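Notes to accompany the following structure.
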Amino acid sequence: MKIVQFKDVTRTYVTGDHTQDALAHVDLEIEGGKFVVILGPSGAGKSTFLNLLGGLDNPTSGTIIVDNTDISTLSSDELADYRAAKVGFVFQSYNLIPTLTVLENISLVEEIAPDHMSAQELLTEVGLADHAHQFPHELSGGEQQRVSICRALAKNPKILLCDEPTGALDSETGVVVLKLLLKMAKDYGKTIIIVTHNQNIAKMADIVIHIRSGKVTSVDEQLHPLSAEEVDW
Amino acid sequence: MLRRKLLRTAKVYKVQFISMILLIALGIGVFVGFNAEWVTIGKDTDAFFKDCGFADYRIVDEDGISSADVDKIRDIEGVSGVSRFLSVNADVKGSSDQLALTITESEHTSGFVLTEGEDYDRWDAESFWLMDKYAELNGIKPGDKLTVTFEDLEFTGTVKGLIESAEYLICVRDESQVMPDFNTYGYVYASPAMLRKVIEQQVREEEPDIDDDVMSIAVKEVCDETFCQVNVNSSMDKEEIQAAADKALGRTLLILTKDENISYSESRGEMNEGRTMGAVLPVLFLAIAILTMITTMNRITISEKTQIGTLKALGFRDKRIVRHYTSYAVIISLTGAVLGMVLGYLICKMVMSQDGMMGTYFVMPDWTVHIPVWIWAIVLAIVMLTIFIGYLSVKDLLRGTAAETLRPYTPRHIHRLLLEGTAIWRRMRFGTKWNLRDIFRHKSRSAMSFIGTFGCMLMLVASFGMNQTMNNFLDTFYDGTAVYASKIFMSSDADNKDAVKLAEELEGDYSASVSAKAGDKTVSVDVYNITHGMYRFIDKDSNIIPLPEEGALICKRLARDFDAKPGDIVTVEPYGTDESYDILISGINGSLTESISMTEEYAEAIGLTESEEYRINSVYTMTAKDQIAARGDITSIQSKQDIIDSFDAFMKIFYFFIIVLIVASVLLCLIVLYNLGIMSYMERYREMATLKVLGFRNKAIGRLLISQNLWISVAGTLLGIPAGIWALNYLMNLLAGEYEMETVVGPVSILPATALNLGVAVIVGRMIARKNRKINMVEALKGTE
């Protein structure tokens, strides 16, 4: 089943007299439950793709259908509801609320996500149950990213969108976080889309999409993706 | 290049820059406006008093003062100016207007300032010098003829000059009139030569064959009887001049100080009132403005941390960077100070100018606004302080290495609150927890928001309360004590029996006021005959009380001054007599004047009604003013509405200050909250973007923003109420010498103050909450924390 469909999607940015297509006429379909990596150099349009898919931005033209919903025509509030129910974000810089404890950071989504999961259970699963009442600044970078993953999963979304999730971590911690991310996504049956320029992560993906100059240059399905242990980090 | 950066940075922080300039301008404006007002009253009136030779003492003898007496007073060492002085209310022929016909034998004492026409000539028996405002409103110009009559004397002459006199700085007909009415009442100076000419004419009418020598003696005698007052310029104190004058003239004289003259006492009263007001609320206002500005300045510098680090890394010396960033403070504080001085000047000018509020009360030629050195010094100190704070903020950031400065600013880490772990905390929604922690994380910002709303509420409650207190004061006296519809003022030569008869005819009551000395004070001993309930009395808590049958009521101010309690005896000595009376104090009452009130029966019992100074001077009746026939022994009739209207006009000046304070408080609250709200918005931008990404709707995020502002505002408002009442009580105690007002702050004051304060908080909250629609989630979440 196709969970994501991009139909002739263009996103143009206008700066003064200058216009630039961050994404140009992109047509793409992604199967549900897959682990997708989007690769491309800086400025290729990877993040724009992720932002459009996450409902953080609107396309200039074209249609984006996620889980049978056309999100390209949604209002601001409808997009908020879409983000609350359908997608979970994991950022490079974690973006935890500094004035909320670890547990509160996760359980705050209970107020908006109708089908949310137990924050405490998720924390136990990622091994941070003992840190539930600590503030983000009291945790290491890897721990903070694990909290961020829990928060993304707590909404029980269909898709997990990750923008360079290991970019701010050392490689050892990065691998741990990545393994956890994949495990959790698999355990809960989520589609996971990671934007990165780390070629090693792509070796683990079911599907690798290459983007260059705002265009999808290739969509490669990997029949035998490597596990994290098999990748030479 | 750094100059360009300065301008562009100012553009980035335009809201903060504009609000800081407005804050400083408002703070300084209100402070300067309120304080320049009383300083200007003092300086301009002092100059006017000096230019006119305003008398320091008025020596009164009802039997008249001869020219020989004048010579004796002039010979007293320490007396610098002496002039026999006459001021009577004369009718203007051909109209119902009255003019205070004034004759001063020496223009150097109790004289005037010429504003148009020819100089005063004491030998000119054919000319008048007329008050310019009255002349202007009645179309009279120099060269016009004028006739005024007093009793059976008629004074006719040509208006030679238009003038203003300090003796009539406050030009009212008598003490019953609160506000001048320049259209119907003014003053005119005539020369002693004209007085002699008029007396001569009268004598000649009575005795046509009188020879010149006899005439000269007769005129002198009449003049000596007519002049009952000699005005004196002297630096001696009252006891000294009293002793010296009594000794020189061989009799005890009534000597009135300038404090007992309405022009002097009221102008000093206005000045003191202004000083009291200026020392409390505007100072608080200024303090809030400065504190908010300092907080904002500090936070802007902090948000420029990376740029400061970049400049440092590029090789700019610390001194240059400090100079660059301190220049923001210089620009803001100097611009704010200049605008504030202009605003202060304008506020002062709105009150202190010929066409301003005080122009309806005072008549004087010079209305120069005075901003004294100490005000300039305070403004300079404010400018220096803000620059210094700006300097310290940058200096603090430059303390470390370039690498340290380059790192983005991270707010202080959050610590657990005492409330955490309690059942209440567990039941709180995340938004509540978030806001509570944020308040404590950004303590200075939260504290400033609190101080802003608290201070504004304090000022609003005090301002509205002052208004309510004043209205209550007026209601108490005009609705509570004055039941009558008309008050009839009897002339000084009216017969007491005629006054009693008039009161009977009009089914009214009457009173006699005897001016007397009690200790070192002049008090009014008021004797009432109340049979129709036309006049009532109130106790110190504004409850209606009857006049005691035995003893008298003493007003609150006198009770305080004399430390008098019920059961005490106060001795009074009516002026112009050698008599003294012991009065038993039976109670304390609230009164507009410094007075002792008693029944006619008690006055009879102590013998006061037998005093030659005992004259019934007021009759109170329900008969309408226009139903009372004019007669020779009635000086004037005032309806209760006339009195209320004239007090209302007087109150306009007071209300102006109240309105300035209320408007300025609301503006201050608005600017402080908006400024700090924007700062809070900027500092929580990333967190709000995160919430938005998670799926929180704009409204929900907006509610989070508004609720923090509202909590702080509600706390500020709630605590501001008792603080406002306290400040008002403090002010009223300071003003207690002027008025006998009980502080009244009820829902009429608290509700509008609360509505305004919270209304501003809600409006500002909504303005800021609306901004979250524009949060760019993509941009906000880029980069690292």
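Yes or no, residue by residue, for (1) more than 32 Å from the chain's Cα centre (by Cα); (2) surrounded by fewer than 16 Cβ atoms within 10 Å (Cβ to Cβ):
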residue	(1), (2)
B:LEU694	yes, no
B:ARG697	yes, no
B:GLY702	yes, no
B:SER713	no, no
B:LEU718	no, yes
B:ILE725	no, no
B:VAL744	no, no
B:PRO752	no, no
B:ASN757	no, no
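Give the number of residues within the stretch B:305-333 that are in a loop (DSSP other than H, G, I, E, B) and either surrounded by 22 or more Cβ atoms within 10 Å (Cβ to Cβ) or small (Gly, Ala, Ser) (or both).
At the first step, the residues of the stretch B:305-333 found to be in a loop (DSSP other than H, G, I, E, B) are B:315-317.
The next check asks that each one be either surrounded by 22 or more Cβ atoms within 10 Å (Cβ to Cβ) or small (Gly, Ala, Ser) (or both); those that pass are B:315.
Counting residues in the stretch B:305-333 that are in a loop (DSSP other than H, G, I, E, B) and either surrounded by 22 or more Cβ atoms within 10 Å (Cβ to Cβ) or small (Gly, Ala, Ser) (or both) gives 1.
What do you reckon, is A:ILE71 over 24 Å from A:VAL126 (Cα atoms), surrounded by fewer than 20 Cβ atoms within 10 Å (Cβ to Cβ) and within 18 Å of the chain's Cα centre (by Cα)?
Numbers: over 24 Å from A:VAL126 (Cα atoms): yes; surrounded by fewer than 20 Cβ atoms within 10 Å (Cβ to Cβ): no; within 18 Å of the chain's Cα centre (by Cα): yes.
Answer is no for this residue.
Of the residues that sit in the stretch A:48-60 and are within 12 Å of another protein chain (Cβ to nearest Cβ) and free of Cβ contacts under 8 Å to residues at least 60 places away in the same chain, which one is surrounded by the most Cβ atoms within 10 Å (Cβ to Cβ)?
Filtering first and then ranking leaves A:GLY55.
For the stretch A:156-177, which positions are out of contact with any helix residue (DSSP H, G or I) (no Cβ under 7 Å at 6 or more places or on another chain) and over 21 Å from A:GLU31 (Cα atoms)?
Result: A:GLU164, A:GLY167, A:ASP170, A:SER171, A:GLU172, A:GLY174, A:VAL175.
Within the stretch B:769-785, track down each residue that is modelled with pLDDT under 80 and facing another protein chain (nearest Cβ under 7 Å).
B:VAL778, B:LEU781, B:GLY783, B:THR784, B:GLU785, listed by residue number.
Name the residues in the stretch B:667-696 that are hydroxyl-bearing (Ser, Thr, Tyr) and within 14 Å of chain A (Cβ to nearest Cβ), would you?
Kept after step one, since they are hydroxyl-bearing (Ser, Thr, Tyr), are these residues of the stretch B:667-696: B:674, B:680-681, B:685, B:690.
Residues satisfying the conditions are B:SER680, B:TYR685, B:THR690.
Can you confirm whether the stretch B:38-52 contains a residue that is touching a helix residue (DSSP H, G or I) at 6+ places or on another chain (Cβ under 8 Å), crowded, with 19+ Cβ neighbours inside 10 Å and among the polar types (S, T, N, Q)?
Initially, the stretch B:38-52 is screened for residues touching a helix residue (DSSP H, G or I) at 6+ places or on another chain (Cβ under 8 Å), giving B:38-42, B:45, B:48-49, B:51-52.
Subset that is crowded, with 19+ Cβ neighbours inside 10 Å: B:38-42, B:45, B:48-49, B:52.
Still in the running and among the polar types (S, T, N, Q): B:40, B:45.
Yes; the residues of the stretch B:38-52 include at least one that is touching a helix residue (DSSP H, G or I) at 6+ places or on another chain (Cβ under 8 Å), crowded, with 19+ Cβ neighbours inside 10 Å and among the polar types (S, T, N, Q).
So which of B:MET534, B:MET490 ends up being touching a Gly at 6+ places or on another chain (Cβ under 7 Å), touching a residue at least 60 places away in the same chain (Cβ under 8 Å) and under 26 Å from B:ASP633 (Cβ atoms)? Let's see the steps before the verdict.
Values: B:MET490 fails: touching a Gly at 6+ places or on another chain (Cβ under 7 Å).
Answer to the check: B:MET534.
Please enumerate the residues belonging to the stretch A:61-79 that are assigned to a helix (DSSP H, G or I) and more than 10 Å from chain B (Cβ to nearest Cβ).
Here is the first cut: in the stretch A:61-79, the residues assigned to a helix (DSSP H, G or I) are A:71-73, A:76-79.
Across the stretch A:61-79, the qualifying residues are A:ILE71, A:SER72, A:THR73.
Would you mention how many residues in the stretch B:411-446 are more than 9 Å from every other protein chain (Cβ to nearest Cβ), assigned to a helix (DSSP H, G or I) and more than 30 Å from B:ILE290 (Cα to Cα)?
So the count comes out to 6.
Looking at the stretch B:687-739, which of its residues are of a type in the set (Lys, Arg) and either touching a Gly at 6+ places or on another chain (Cβ under 9 Å) or more than 30 Å from A:ILE159 (Cα to Cα) (or both)? Explain how you work it out, then say what you get.
First pass over the stretch B:687-739, keeping only residues of a type in the set (Lys, Arg): B:692, B:697, B:699, B:703.
Of everything in the stretch B:687-739, just one residue is of a type in the set (Lys, Arg) and either touching a Gly at 6+ places or on another chain (Cβ under 9 Å) or more than 30 Å from A:ILE159 (Cα to Cα) (or both), namely B:ARG703.
Checking B:MET215 against (1) modelled with pLDDT under 85; (2) surrounded by 14 or more Cβ atoms within 10 Å (Cβ to Cβ); (3) under 29 Å from the mean Cα position of the chain (by Cα), which single condition isn't satisfied?
So the condition that B:MET215 fails would be (3).
Quick check on the stretch B:199-209. Is at least one of its residues within 18 Å of B:THR102 (Cβ to Cβ) and either in contact with a strand residue (DSSP E or B) (Cβ under 9 Å, 6 or more places away or on another chain) or without any contact (Cβ under 8 Å) to a residue 40 or more places away in the chain (or both)?
Applying the first criterion (within 18 Å of B:THR102 (Cβ to Cβ)) to the stretch B:199-209 yields B:199.
Of the ones still in play, those that are also either in contact with a strand residue (DSSP E or B) (Cβ under 9 Å, 6 or more places away or on another chain) or without any contact (Cβ under 8 Å) to a residue 40 or more places away in the chain (or both) are B:199.
Yes, the stretch B:199-209 contains at least one residue that is within 18 Å of B:THR102 (Cβ to Cβ) and either in contact with a strand residue (DSSP E or B) (Cβ under 9 Å, 6 or more places away or on another chain) or without any contact (Cβ under 8 Å) to a residue 40 or more places away in the chain (or both).
Go through (1) at pLDDT below 85; (2) under 41 Å from the mean Cα position of the chain (by Cα); (3) of a type outside the set (Gly, Ala, Ser) and name the single condition B:TYR674 misses.
(1)
May I ask you to list the residues in the stretch A:8-60 that are in contact with a Gly (Cβ under 6 Å, 6 or more places away or on another chain) and assigned to a strand (DSSP E or B)?
Residues satisfying the conditions are A:ASP8, A:VAL9, A:THR10, A:ASP21, A:ALA22, A:LEU23, A:ALA24.
When both residues are 6+ apart or on different chains and their Cβ atoms are under 9 Å apart, which pairs have a first residue that lies in the stretch B:548-574 and is aliphatic (A, V, I, L, M), and a second that is loosely packed, with under 12 Cβ neighbours inside 10 Å and assigned to a strand (DSSP E or B)?
That search, which allows pairs on different chains as well, returns B:ILE569/B:ASP582; B:VAL570/B:ASP582; B:VAL572/B:ASP582.
Given the conditions (1) surrounded by fewer than 18 Cβ atoms within 10 Å (Cβ to Cβ); (2) within 11 Å of chain A (Cβ to nearest Cβ), which single one is not true for B:LEU734?
(2)
Among the candidates B:ASP71, B:ASP51, B:ASP44, which residue alone is of a type in the set (Asp, Glu), assigned to a helix (DSSP H, G or I) and without any contact (Cβ under 8 Å) to a residue 24 or more places away in the chain? Give the steps one after another, and end with the answer.
Values: B:ASP51 fails: without any contact (Cβ under 8 Å) to a residue 24 or more places away in the chain; B:ASP44 fails: without any contact (Cβ under 8 Å) to a residue 24 or more places away in the chain.
Within the list B:ASP71, B:ASP51, B:ASP44, the selection yields B:ASP71.
The values are calculated or read from the model by the stated rules, or taken from the named source; none is laboratory data. Predicted, not measured: the structure shown is a model, and the values here were computed from it. Neighbour counts run over all protein chains shown; Cβ positions are idealised from the backbone, glycine included.
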